[in-house]
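Heads up: the structure comes next, in structure tokens.
The values are calculated or read from the model by the stated rules, or taken from the named source; none is laboratory data. These numbers come from a predicted model, not from an experiment. Reconstructed Cβ throughout: ideal geometry from the backbone, glycine too, with neighbour counts over all protein chains shown.
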Amino acid sequence: MTENADKKIYWHLPGFCIFRLLNQVLFNLMKDHPEYFNEGYTVGSAYGTFPGAIWNGGRAVIGITQKAQIESTLNIYNSRNIPVRFTWTNSLIGEKECYDTYCNLIMRLANNGMNQVLVNSPALEEYLRKNYPGFKMISSTTKRITGLDKLSEEFDKDYFLVVLDYDLNHNEEALKKVVESGNAGRCEILVNEVCFPNCPRRKEHYEQQSRMQLEYDAMTSFPCLNIQNPRTFAECMDRPAFIKDTEIPEYVEKGFNNFKIAGRGMPESYVLDSYIYFLVRPEYRDLVRNKIQTSLRELRNRAAAGAGNKRKI
């Protein structure tokens, strides 16, 4: 990143596919009313997957997306100069799975020099670097790197960004080490993770989600330590890893300028709450929430009416 880019604060948003309507409404509002949003805040990317892509990790997403829909979704973001970031973090991908037809189709359609890839599997990373060198490679938080030496090693590799493990969000020693190594601008911080702090089974859970994605299995459960807790934004704010909106300037002052909003696998209300809290000036939050909800309702009503007319024909 250049010195000029460092003056901006980049936010990486969830669910480029599942939350595309919400994201579109947000983008339009940011363009039309920049005064509603915190100064210097801009969208750095939207991350996620198209349903059914076996390279996907972190959260299993079952289904399929037609080619025309893939192209249309990519255009929603890229036409606004917003990169799409694929969560190709399935840790169980080997050489055989690298040749998956559907995933390679997605990569070819998105291969315009703008888009990005989150990686975890060494085999897939090697394949992507060789066959799709135009994509920026990002080290995923699903690697669960919490040791400081391992973290330093990760920054020594050829990654555009390294997503920090959420358990290190307030670890002053880790943050200081990243800053002193000159890598604060290459470090992305996950601000609103809902998972159990210092979870001993988090990596195992990621592997289970990877297996579910590979096997198109949407039914397998996981004995999560967090399963009984309410998964709301209000509950998330009480987590030790949560970064308050008032703390963001402290990170920026140290040189960090990439922040990730979690939300894959969460309800739209959680994602909207996160957007309002982190991106919008406090005095405009109620106004922005109302505008977004009104726009979403109108768009969905219009879409439902259109679908109804098609059925009548």
*Can we say Glu126 is acidic (Asp, Glu), at pLDDT below 95 and more than 20 Å from Asn258 (Cβ to Cβ)?*
no
*asked:* Would you confirm whether or not segment 71-79 contains a residue that is under 20 Å from the mean Cα position of the chain (by Cα) and closer than 25 Å to Gly182 by Cα?
replied: no
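Might you check whether a residue that is loosely packed, with under 15 Cβ neighbours inside 10 Å and either in contact (Cβ under 8 Å) with a residue 60 or more places away in the chain or over 25 Å from Phe222 (Cα atoms) (or both) occurs anywhere in segment 14-30?
From segment 14-30, those loosely packed, with under 15 Cβ neighbours inside 10 Å are 28; that's our starting set.
If we keep only those that are either in contact (Cβ under 8 Å) with a residue 60 or more places away in the chain or over 25 Å from Phe222 (Cα atoms) (or both) too, we end up with 28.
Yes, that holds for at least one residue.
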*Using the structure shown, decide if Thr246 is under 20 Å from Lys8 (Cα atoms), β-branched (Val, Ile, Thr) and out of contact with any His (no Cβ under 9 Å at 6 or more places or on another chain).*
yes
*Identify, from the list Thr65, Thr89, Thr73, the residue that is within 22 Å of Lys136 (Cβ to Cβ), surrounded by fewer than 23 Cβ atoms within 10 Å (Cβ to Cβ) and touching a residue at least 24 places away in the same chain (Cβ under 8 Å).*
Thr73
_So the check is Cβ under 6 Å with 6+ separation or different chains; which pairs have a first residue in segment 265-293 that's touching a residue at least 60 places away in the same chain (Cβ under 8 Å) and closer than 28 Å to Pro51 by Cβ and a second one that's assigned to a strand (DSSP E or B) and of a type in the set (Lys, Arg)?_
none
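Need at least 1 residues that are aliphatic (A, V, I, L, M), touching a helix residue (DSSP H, G or I) at 6+ places or on another chain (Cβ under 8 Å) and at pLDDT 95 or above per element, so show me which helices (runs of 4 or more DSSP H) inside segment 1-102 make the cut, counting only ones lying wholly within it.
20-32, 67-78
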_So, restricting to strands (runs of 3 or more DSSP E) that lie completely within segment 107-196, which ones have at least 2 residues that are within 21 Å of the chain's Cα centre (by Cα) and touching a residue at least 60 places away in the same chain (Cβ under 8 Å)?_
116-119, 161-163, 187-190
*May I ask you to list the residues in segment 186-206 that are in contact with a Leu (Cβ under 7 Å, 6 or more places away or on another chain) and farther than 22 Å from Lys244 by Cβ?*
Arg186, Arg201
*Would you list the helices (runs of 4 or more DSSP H) that sit entirely within segment 199-313 and hold 3 or more residues that are at pLDDT 90 or above and over 20 Å from the mean Cα position of the chain (by Cα)?*
248-254, 285-312
